[in-house]
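Scroll down for the structure; my scribbles are underneath it.
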Amino acid sequence: MGLSPYGATKRAIRYLSQSLQLDVQGTPVQVGTISPGIVLTDLILNQLRQAPKEKREKNIKIFNILADTVETVTHWLAEQVLANTRPAARIAWLTTPKVIGRFLAAGFNKRNLFENISFE
């Protein structure tokens, strides 16, 4: 559903960041990347609205485990960017340990990020 260019550009940004960091090495310029993970933006919500109901319900289950709201992620990312002193830093919100923890806790922690979102 149109995600190929999105995925390709995400990978391209990581490569560009690594290349730029090498170009500015030894200067006061810092280049890095932020990786917010799965954030409920209009891109995701519009994809869900266009999906068949059965697929949408399946995706919502996964998003309730792994996704976060813009309000949750942006503040943390901004703090990390401002505090960063490492060159070529990759600042990631949704890390592998966090993914594992969320799946392990999913049966106990019932999140509903979509309670106020209409798909009709």
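How far, in degrees from 0 to 90, does helix 4-23 lean away from the longest principal axis of the Cα atoms of the chain, to the nearest 10?
Approximately 20 degrees, to the nearest ten.
Cα axis of helix 70-83 to longest principal axis of the chain: angle in degrees, 0 to 90, nearest 10?
Here the helix axis deviates by roughly 10 degrees.
Rg to Rh for the chain: what is it, with Cα atoms only and Rh by Kirkwood?
Ratio of gyration radius to Kirkwood radius: 1.03.
Amide H of Ile34 versus every other amide H placed in the peptide plane: which residues, excluding those fewer than 5 positions away on the same chain, fall under 5 Å?
Under 5 Å from the amide H of Ile34: Ile91.
Counting only C-alpha contacts under 8 Å and six or more residues apart, can you give the relative contact order of the chain as a whole percent? Spell out each step's value before the answer.
Details: 93 pairs, mean separation 40.6, N = 120.
It comes to 34 percent, rounded to a whole number.
As a test of the formula, what do you get for the chain when each DSSP H run with n ≥ 4 contributes -39,500 (n - 2.57) and the sum is divided by the residue count, at 222 nm and rounded to the nearest 500 deg cm²/dmol? Before the final figure, lay out the partial values.
Values: 5 runs with 67 residues, N = 120.
Calculated mean residue ellipticity at 222 nm is -18000 deg cm²/dmol.
Kindly provide the chymotrypsin sites (Phe, Trp or Tyr not before Pro) of segment 87-120 that DSSP labels as loop, not H, G, I, E or B, and whose Cβ sees at most 10 other Cβ atoms within 10 Å.
On the way: sites: Trp93, Phe103, Phe108, Phe114, Phe119; in loops: Trp93, Phe108, Phe114, Phe119.
In loop regions of segment 87-120 (DSSP not H, G, I, E or B), the sparsely surrounded chymotrypsin sites (Phe, Trp or Tyr not before Pro) are Phe108.
Using Cβ contacts closer than 10 Å as the measure, can you line up Leu66, Leu82 from fewest to most? Write out the running numbers ahead of the final one.
On the way: Leu66 16, Leu82 7.
So the ranking, lowest neighbour count to highest, is Leu82, Leu66.
Would you mind giving the average projected area, over all directions, of the Cα convex hull of segment 23-77 in nm² with one decimal?
On the way: hull surface 22.7 nm².
Spelled out: convex hull of the Cα atoms, projected over all directions, averaged, 5.7 nm².
Quick note: the coordinates plus some simple rules give every number you see, no bench work behind them. Predicted model, so just to flag it, every value in this text is computed and none were measured. Quick reminder, even Gly has a Cβ in these numbers, built from the backbone with ideal geometry, and neighbours come from all protein chains shown.
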